[in-house]
Each structure stands twice: as C-alpha cells, then as structure tokens.
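Take a look at the structure set out below.
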Amino acid sequence: MSDNTENLKIENPIAKRIALKAYCEFASPALIGSGLCDNTDNDILRDKNGNSFLPGSTVAGAVNFLVCGIEELFGKPDRISPLWVYDADLKNTTGERTKIVELDGVEISKENKVAIENHKYNYEAVETGTKFTLRFLLTIRERDNGDELESQLRKLIGALKSSGISFGAKTRRGFGAVSCSEAVKQEFDLSKGNPDALAALRKWLEFGWDLKNERKDQWAPAASEGSTTEMGAIYAELKLDGSIMIRDTQNIYEDLPKGASAPDYMHISSNGEPVILGTSWAGAFRSGLYRLLKQKYPNIADEYIKKVFGYVRESIEGSTEKAEVSKIVFGASFLTKTDESVDGYRSITRVKIDRFTGGAAQGALFTEKPWYGGKTTLEIRYPKDDTAIRELALLGLDALDKGIIQIGGETSVGRGFFKVLKTTDENGKDVSFIGPKLKLKEALDNNKKAGESA
C-alpha cells in the first residue's frame with residue numbers, strides 16, 4: 001500500500017480558535033424588524049416559537065460598518081470571513097420572554113409643528129433593558145496575521161464596551177443602543193509549535209457555548225483596545241424647565257396600582273423610565289432649524305436641512321431621486337429626578353371650555369399625566385470632518401436654550417422647554433453653542449451658489 005499522507009496535508013491549517021462571549025443589554029428600545037406588518041406597521045423579528053432574536057448578520061453588519069480598523073475580521077473578496085457571528089436570543093432581566101412594546105410615530109410639518117395628515121405610524125420595539133449574549137468565533141489559520149486579527153478582535157470588544165454600537169433600524173434616532181458589561185473568551189492554540197496542541201484539540205472537541213448551564217470557570221476575561229469611529233459627538237446636559245408631554249397611548253395600563261384608573265394619555269416611558277426618543281429630538285431640531293435658516297436662506301434652507309437630516313422619497317414614476325440617510329444622529333434621553341419632592345409624573349384633569357358660553361364642553365373632560373422637572377443628557381453625533389453640521393447642531397442647542405425649539409406636544413401651554421447647562425465633545429472638552437457659525441454659513445453659501453448655477 002502506498003503512503004498517501006502527503007495528500008492529506010492541509011494547505012493552510014487552523015492554528016488557533018478564539019471563542020468570545022459579550023454580555024450585553026439594550027440601553028434604548030430596539031427595532032429588530034421582520035418586514036411584516038401583522039400587528040403594527042413594522043413587527044419585531046420572531047422565530048418559529050414566537051421568541052424574538054437578534055440575527056448574526058445584523059450584528060456583523062453593524063459592527064463592520066461602525067468600527068474602524070477591523071476590516072480583516074470580515075474577510076476579503078478572495079477569502080471567507082475568519083469571524084463567525086451567531087444569532088443572539090433576546091430575554092428580559094428575569095430571563096423570561098422578551099417584552100415587546102408598541103410605539104407611535106408621526107411626521108410633523110416643518111412650518112408649524114402640526115401633525116401631517118395620514119403620516120401617523122406605529123411599530124413594535126424590544127424594550128430597554130433586554131439582555132442578550134453576543135457570540136463570536138475567530139478562526140486563525142497558519143498563514144494569517146494572527147496578531148493583527150487578535151488586535152482587531154480586541155478593538156471589537158472595545159467598541160461594544162464604549163456604548164458606541166447600535167443594532168436594528170433607526171439607529172440614527174437613538175434606537176438599539178447597546179451596553180456591554182463584560183466580555184469573556186476561551187482560546188484553543190492548535191499551532192504546530194504548541195506542545196499542548198493535542199490537549200487544546202481535545203478541549204475544542206468538547207467545547208460548547210453552554211448558555212443555559214454556563215460554567216464560568218472555563219472562561220477568562222477578554223481584553224479590549226480603544227476603537228475609533230468616523231463620528232464626532234456633542235453631549236448636552238439639559239434641565240427640563242417645567243413639564244413635557246410626548247404622548248404614550250399604547251402602554252398606559254402597565255404598572256398601574258390595583259384599582260387605579262388609567263389616564264387618557266401620559267408622557268412616554270421605556271422600561272418604566274421617562275424618555276425622549278431620538279425621533280422626537282430629530283423632528284424638533286429639524287423643524288426649528290429650518291424655521292431659523294429660511295429667514296436668511298429662503299430658497300435653499302429646505303434642501304440643506306434634507307441633506308443633513310435625511311429624507312425618504314416616495315416612489316414617483318420616472319423619478320431618479322433616491323432616499324438619503326441622515327448625517328446627524330440623535331440618541332434617546334432618559335429623564336432623571338433632581339428633586340424627589342417636585343420631579344416626576346403628575347396626573348392632571350383638564351376640560352375644554354366652550355368659547356361661547358364659558359362653560360365646560362360636553363364630553364371634553366380628560367386626564368393626562370405629563371412629566372415634570374429633572375435633568376437629562378442629549379447625545380448628538382455627526383461626521384467628524386463636517387464642522388458645518390457640528391455648528392448646525394450647536395445652533396440647535398442655542399435655540400433650545402432660548403426656547404425657540406421645544407420638544408413634544410402641548411408646547412403652546414408651556415411644555416417641552418429646556419435649559420442647556422453644559423455642552424462637551426467626545427473628548428470631554430467644553431464647547432460653546434454661542435458665537436459665529438462660520439462653517440455653517442460657508443456650507444449654506446456654497447449650497448446657494450450650486451442652486452443658482454443649476
């Protein structure tokens with residue numbers, strides 16, 4: 001019998017495997033859409049048993065797009081990705097089935113903040129606080145640059161721990177923000193130079209993710225490296241001056257004391273905490289900045305705001321215009337109490353007055369529950385190299401501080417006013433929102449010249 005061992009040689013054998021687990025939770029509601037609309041206009045993705053999950057393709061796509069310097073992990077045109085990304089089961093803090101909430105949205109007119117007819121929509125979201133475990137498996141082969149791949153894996157961990165990653169839809173409006181508390185790993189060194197390669201192989205053959213009956217003693221803490229993105233950031237510390245009302249009519253019956261009656265509507269909350277979603281911030285800033293810019297640039301303000309905030313073109317026969325993604329990102333802001341005796345939800349009963357008789361209008365008595373007082377932080381992200389958008393965001397914060405921009409509904413009765421206490425950038429450096437907007441003026445002038453030449 002001839003010796004055929006030469007034919008069994010592998011051209012590029014596996015030298016090492018690294019299994020990584022990252023323990024995460026959603027820091028804001030997440031829109032993991034299925035494309036179906038059986039319950040709402042956009043339903044959550046579910047498996048055959050009705051349980052929601054986060055697809056590995058969603059995780060891989062978001063990480064690859066948002067984190068700089070990890071391109072090798074996701075393959076090249078001539079080779080498959082060395083990093084396997086698994087689906088993640090979603091569960092709440094008690095391990096039970098994921099809590100799904102139904103949220104409302106509406107498009108408002110940029111001219112007067114009035115809701116546009118037939119532009120109301122609703123969607124399902126995975127609730128804030130939902131926990132999940134991300135699983136990655138890195139396969140390093142003999143001819144690979146192993147040190148570089150491991151460095152990129154550490155950058156991926158660093159990005160998860162920095163809270164700079166979001167999954168799902170509307171991530172530029174603060175949805176799907178991820179918080180990572182811990183990352184652990186197991187390594188299997190199968191290289192020829194490792195005297196314990198056989199033991200490592202046995203360990204690999206016995207390996208399992210063991211998510212239900214986890215043996216944490218088999219896992220070691222995973223190191224991380226600082227990661228970079230192409231986005232700058234502004235963090236504005238805000239104080240609510242009075243009250244705010246962004247209506248929640250879907251979830252008002254939850255967490256009510258026994259025997260208590262529900263209000264007709266209340267300010268929106270997520271996992272029991274009052275919140276201002278990024279969609280509300282973006283809508284208010286978009287409308288307010290448009291009204292400011294159109295006074296000096298009436299012919300181009302609308303087009304420039306569209307370029308910054310993005311837009312969706314409805315399909316028109318023969319049209320070549322396409323939708324454009326927003327260049328500016330607004331995070332979700334949770335309101336916190338600063339004075340326990342004053343801040344919080346309050347129930348208020350109101351009635352409509354007949355303007356002719358001065359008496360109560362028939363059937364117009366209602367109860368609402370706005371949120372009063374407290375502080376929050378607004379995070380605004382923008383392309384680092386676009387200082388004009390940075391100045392536009394600062395101009396918006398200036399308008400918010402002066403009361404030109406208000407958030408939510410019932411602003412005509414004094415709701416939704418904020419004071420800006422402090423603004424810092426991604427490096428913690430103070431930034432002023434008062435002063436000349438030179439780059440913004442230059443961008444608008446260039447946009448005006450382009451329109452005139454066209």
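Computed values, structure above
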item	result
For segment 49-108, with +1 on Lys and Arg beta carbons and -1 on Asp and Glu, the positive-most of ILE108, GLY75, LEU54 along the dipole	GLY75
Proxy reagent accessibility, fewest Cβ within 10 Å first, across HIS267, HIS119	HIS119, HIS267
Nitroxide proxy distance, nm - points 7 Å out along Cα→Cβ at ASN39 and ASP430	4.8
C-alpha long axis of helix 146-161 to longest principal axis of the chain, angle in °	30
Spatially proximal aspartates and glutamates relative to LYS384 (Cα-Cα < 15 Å; intrachain offsets below 8 disregarded)	GLU230, ASP425, GLU426
19 Å reach of a label modelled at ARG79, 7 Å along Cα-to-Cβ, counting backbone N of segment 125-156	137-156
Kirkwood hydrodynamic radius of segment 12-221, from inverse mean 1/r over distinct Cα pairs, in Å	19.0
Amide H partners (placed H, <5 Å) of GLY232, local residues excluded	TYR382, LYS384
Folded to 0 to 90 degrees: helix 387-401 orientation relative to the chain principal axis, Cα	40
ARG355, ARG381 arranged by Cβ crowding within 10 Å, fewest neighbours leading	ARG355, ARG381
At q = 0.25, 0.28 Å⁻¹, base-10 log of I(q)/I(0) for segment 338-387 (Debye sum, equal scatterers on each alpha carbon)	-0.93, -1.02
Euclidean distance of C-alpha centroids, segment 142-162 and segment 377-416, integer Å	37
Sequence of GLU206, GLU124, GLU72, GLU225 once ranked by neighbouring C-beta atoms within 10 Å, starting from the fewest	GLU206, GLU225, GLU72, GLU124
Whole-angstrom Cα spans of segment 231-453 along principal axes, big to small	65, 47, 33
Cβ-placed point charges (K, R +1; D, E -1), dipole of segment 115-177 about Cα centre in debye, nearest 20	180
nm² value of the averaged projected area, convex hull over the Cα atoms of segment 329-443	10.8
Computed magnitude of the charge dipole of segment 11-120 (debye, nearest 20; Cβ of K, R +1, Cβ of D, E -1)	440
Expected-Rg normalisation [2.2 N^0.38 Å, Cα atoms] applied to the chain	1.16
Spatially proximal aspartates and glutamates relative to LYS91 (Cα-Cα < 12 Å; intrachain offsets below 8 disregarded)	GLU25, GLU127
Check: segment 12-221 dipole with +1 on Lys, Arg Cβ and -1 on Asp, Glu Cβ, in debye	400
Pairs beyond 19 Å (Cα-Cα), from LYS294/LYS441; LYS99/LYS131; LYS192/LYS216; LYS110/LYS352; LYS296/LYS327	LYS192/LYS216; LYS110/LYS352; LYS296/LYS327
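Where a number appears in this text, it was derived from the coordinates with a stated rule and is not lab data. Only a predicted model underlies this, so the values are computations on that prediction, with no experimental measurement involved. Cβ atoms come from the backbone with ideal geometry, glycine included; neighbour counts cover every protein chain shown.
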